[in-house]
Amino acid sequence: MTLNIENLVRSAVVVVVGLPVALSVTGLTGATTRLVEKSLADPTADTTNDIKSELAGPCVRYMVSKTDSKLEREAVVDIEDVLGGSVNPRETCNWVL
C-alpha cells in the first residue's frame, strides 16, 4: 500500500470544509428545536408564574399566622388585592405554594 499525497490532501480539504458545515447544521438544528419547544410551551405559564410570585409573600404570612390574628387579616387583604376580589385564601395559597 502506497501513501499518496493527493489522497491525503483531498481528505484534509474535505475535513476542513466539511466539519464547519456539519457543525453549523447541528447548531441550527439545536436552535430550531429550542425555538419550537418554547413556542409549544404553555401560554398561560408566564401569567400564572407572575401571579404566584406576587402571592408568595402574602401566602407565607397567611400560612404561618395564627387564626384570627392581625397578620392573618393583613395577608388575606394582600391576597385579595393581588387577585382583585374576594377569594378563598387557604385554597389560593395551596395553589401558590
Residue count, segment 22-53 (criterion: farther than 25 Å from Trp95 by Cβ and of a type outside the set (A, V, I, L, M)): 10
How many residues are aromatic (Phe, Trp, Tyr) and farther than 13 Å from Arg90 by Cβ if we restrict to segment 54-76? 0
Take segment 47-69 and flag every residue that is surrounded by 10 or more Cβ atoms within 10 Å (Cβ to Cβ) and of a type in the set (D, E, K, R). Asp50, Lys52, Glu54, Arg61
Scope segment 6-28; condition β-branched (Val, Ile, Thr) and modelled with pLDDT of 80 or more; matching residues: Val9, Val13, Val14, Val15, Val16, Val17
Could you check, for segment 28-37, whether at least one of its residues is at negative phi, touching a residue at least 24 places away in the same chain (Cβ under 8 Å) and surrounded by 10 or more Cβ atoms within 10 Å (Cβ to Cβ)? no
Among the candidates Glu37, Glu54, Glu74, Glu80, residue that is farther than 16 Å from Val96 by Cβ and at pLDDT 95 or above: Glu74
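The values are calculated or read from the model by the stated rules, or taken from the named source; none is laboratory data. All figures in this text were calculated on a predicted structure; none of them were measured in a lab. Cβ sites come from the backbone with ideal geometry, for glycine too, and all protein chains shown count toward neighbours.
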